[in-house]
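The values are calculated or read from the model by the stated rules, or taken from the named source; none is laboratory data. Treat the numbers as computed from the prediction; the structure is a model and nothing was measured. Here the Cβ is made from the backbone with ideal geometry for all residues, glycine too, and neighbour counts use every protein chain on show.
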Amino acid sequence: MKPLFFIDYDNTIFSHRTWTVPEDALQALEALKNDGFRIFLASGRAFRSSDLPEDFRNRFTPDGLVSSNGAIIEAEGKLLWEKYFDPDLQRRILDYVVEKGYCLISGFEGTWATSNLERFRSLPTNRNRKVIPEEGNAFQALYTSRRPAFFLADTKEAIEDVQAHFPETKLLYMGDELGGADIIPKENGKVMGASRILEYFHASWDDVIAIGDSMNDMELIRAAAFGIAMGNAMPEVQAAADYTAKDIDEGGLADALSRARQWAASRA
């Protein structure tokens, strides 16, 4: 079996510096798929195949998704799995970030909502975000919606505090450049999501190549037969990888896919 690729989106495919997908990355993905490799997006975002970013989906269609850090799984257009926060845990998290004045953000029905817009604007790591979330009713709606994950767009200290207060969750730090952390149920994660894809295709971890840049990618990179960190990846992620590619804005994904092809050819 040809290897299955699980590739992160933010700062692996999509650059947060240029707010684009580099052309060489798109060309490399298209060439890989044309050569018969299956490619899955493994993202912290709550993607569905129907709502991938327009500029990306107009050029490339993945074979499936491990989105929202393993809470939403699709393969060949089929929904294989959905897992949301327990409603009581979700309410307690929302209450806690409000009590502490932290900045939590989440998308809901086409709107981005936040617990603290003033704090969102004040934190340096949030200044380059293109979408400004809404407070008030938009945030209150999160209490009664089913959410697979949240994003704590706050400091390391806030992240550590929320993690300590809610041991039944995992907070996955995005690195100093992007900042913040995904908040997911402890039993979720990209490895769990990828395992459902492997089961669907009757494949094993010996068939997996994983590429990413941040803490929510690290367990997947470790589990893969061949794990690749981007040159812009966090040091811990690079240390866990079998190969470190160039920076995303210096041909990083094309470099990663080229090296992955070499590895796949060596085991054929």
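Listed by first and then second residue, the pairs linking a residue in the stretch 1-16 that is in the same structural domain as Ala256 (by TED's automatic domain parsing) and part of a loop (DSSP other than H, G, I, E, B) to a residue that is surrounded by fewer than 22 Cβ atoms within 10 Å (Cβ to Cβ) and of a type in the set (S, T, N, Q), with Cβ atoms under 7 Å apart and 6 or more places separating them unless they lie on different chains, are His16/Asn128. With the condition kept exactly as written, say whether any residue in the stretch 86-96 is within 19 Å of Ser67 (Cα to Cα), aliphatic (A, V, I, L, M), in contact (Cβ under 8 Å) with a residue 24 or more places away in the chain and touching a helix residue (DSSP H, G or I) at 6+ places or on another chain (Cβ under 9 Å). No, the stretch 86-96 has no match at all. Give the residues of the stretch 139-165 that are within 16 Å of Ile184 (Cα to Cα) and of a type in the set (S, T, N, Q), sorted by residue number. Ser145, Gln163 - these are the residues of the stretch 139-165 that are within 16 Å of Ile184 (Cα to Cα) and of a type in the set (S, T, N, Q).
None of Ala138, Ala153 is under 19 Å from Phe85 (Cβ atoms), of a type in the set (Gly, Ala, Ser) and over 21 Å from the mean Cα position of the chain (by Cα) except Ala138.
Looking only at the stretch 237-268, count every residue that is charged (D, E, K, R) and either in a helix (DSSP H, G or I) or touching a residue at least 40 places away in the same chain (Cβ under 8 Å) (or both) and tell me the total. Here the count works out to 6.
Of Glu74, Glu99, all but one fail to be surrounded by fewer than 21 Cβ atoms within 10 Å (Cβ to Cβ), of a type outside the set (S, T, N, Q) and outside any loop (DSSP other than H, G, I, E, B); the exception is Glu99. If I filter the stretch 5-26 for residues that are buried (at least 24 other Cβ atoms within 10 Å of the Cβ) and over 26 Å from Asp176 (Cα atoms), do I get at least one hit? The answer is yes, given that some residue of the stretch 5-26 is buried (at least 24 other Cβ atoms within 10 Å of the Cβ) and over 26 Å from Asp176 (Cα atoms).
From the list Ala233, Ala268, Ala229, Ala256, which residue is more than 17 Å from the chain's Cα centre (by Cα) and surrounded by 24 or more Cβ atoms within 10 Å (Cβ to Cβ)? Every option except Ala256 fails the conditions.
Residues that are closer than 22 Å to Val162 by Cα, surrounded by fewer than 22 Cβ atoms within 10 Å (Cβ to Cβ) and assigned by TED's automatic domain parsing to the domain that holds Asp213 do occur in the stretch 46-68.
Listed here are the residues, each with its yes/no results for (1) modelled with pLDDT of 95 or more; (2) surrounded by fewer than 20 Cβ atoms within 10 Å (Cβ to Cβ); (3) outside the structural domain of Asn11 (by TED's automatic domain parsing).
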position	(1), (2), (3)
Glu135	no, yes, yes
Tyr143	yes, yes, yes
Arg146	no, yes, yes
Asp161	yes, yes, yes
Ala164	yes, yes, yes
Leu172	no, no, yes
Leu198	yes, yes, no
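Criterion applied to Thr155, Thr125 was being surrounded by 13 or more Cβ atoms within 10 Å (Cβ to Cβ), closer than 14 Å to Val97 by Cβ and among the hydroxyl-bearing types (Ser, Thr, Tyr), and the one residue passing it is Thr155. Scanning the stretch 27-53 for residues that are assigned to a loop (DSSP other than H, G, I, E, B) and not aliphatic (A, V, I, L, M) returns Asp35, Gly36, Phe37, Ser43, Gly44, Arg45, Phe47, Arg48, Pro53. Residues of the stretch 108-123 include at least one that is assigned to a loop (DSSP other than H, G, I, E, B) and touching a residue at least 40 places away in the same chain (Cβ under 8 Å).
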